[in-house]
Amino acid sequence: MYDVSNPHYMGDHTGTRKFRRVLLKLSGEALREPGSTDNISPPIVEDIAAQIKAAHQTGLEIAVVVGGGNFWRGVSASNKGMERATADYMGMLATVMNSLALQSMLEAMDVPTRVQSAIEMKNVAEPFIRRVATRHLELGRVVIFAAGTGNPFFSTDTTAALRASEVGADCVFKATKVDGIYCSDPNKNPDAVRFDTISFHDCLTKQLKVMDATAFSLCMENNMPIIVFSMNEPDNIRRALVGESMGTLVNASGKDA
């Protein structure tokens, strides 16, 4: 049984995890076909939406944060001479496009969905209001948080940590290209060791780059567990959200119960 140090967490002796409300963090690149020049792949978005729907049908309350890297990366543009704040605002707009794509696919599957944007744009999304977002979740709607925090210099990882804390989620699920957190880059080091569990403190001191330091620190301060898992395997998003034990669990103790 996993102890994620959260009052809403329930575990059983089979190694499964059970949650009431979760936040799923997806990268913008997750919506793009590898090697394609298209920014968004409708079949990939459809598959992600189908997995979210399957988890949602179990009664799980689901919030989502999607990155914008398939369209734009503010840090990369800044490194090439663009003013950083402007570059980051452009990245926030990219996340809105991705959020609308996911919303459209979910609603085509009859999943009630709301997009809340940290940058006001009344024609396409609600403004982010914490109490409204929480009520949507209570009513069984998937809530997609767009436009980051609304401020430059913060990543969508930090957005995920912030929004999860604000709406009282039980855990942040970060879907990645690898099956958890390793001691070093497994693509460069074939001997890299994967952690089943690790503490927030160790992630920070070892400078493990799966999430940025601000996001890790925010989760640590708010005792918000993180599960890092691979979305490359079929059905892994659904399996992770409904409680199958996979990936790396990051919590305060870095240990299983």
Top-ranked residue in the range 147-203 [being surrounded by 16 or more Cβ atoms within 10 Å (Cβ to Cβ), aromatic (Phe, Trp, Tyr) and touching a residue at least 40 places away in the same chain (Cβ under 8 Å); ranked as farthest from Ser99 (Cα to Cα)]: Phe195
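Just to check your reading of the model, which residue among Ala169, Ala215 is in a loop (DSSP other than H, G, I, E, B) and either modelled with pLDDT of 90 or more or of a type in the set (Ser, Thr, Tyr) (or both)?
Working: Ala215 fails: in a loop (DSSP other than H, G, I, E, B).
Among Ala169, Ala215, only Ala169 is in a loop (DSSP other than H, G, I, E, B) and either modelled with pLDDT of 90 or more or of a type in the set (Ser, Thr, Tyr) (or both).
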Tell me which residues, restricted to the range 70-118, are touching a Ser or Thr at 6+ places or on another chain (Cβ under 8 Å), surrounded by fewer than 17 Cβ atoms within 10 Å (Cβ to Cβ) and of a type outside the set (Lys, Arg). Glu107
Would you check if there is a residue in the range 131-142 being at pLDDT 95 or above and closer than 30 Å to Thr86 by Cβ? yes
What tally of residues in the range 120-146 results from selecting those that are among the hydrophobic types (A, V, I, L, M, F, W, C) and surrounded by fewer than 18 Cβ atoms within 10 Å (Cβ to Cβ)? 5
Evaluation of Ser78 against (1) within 23 Å of Leu60 (Cβ to Cβ); (2) in a helix (DSSP H, G or I) (one fails), failing number: (1)
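The values are calculated or read from the model by the stated rules, or taken from the named source; none is laboratory data. All values derive from a computational prediction rather than experimental measurement. Every residue, glycine as well, gets a Cβ built from its backbone with ideal geometry; the counts of neighbours run over all protein chains shown.
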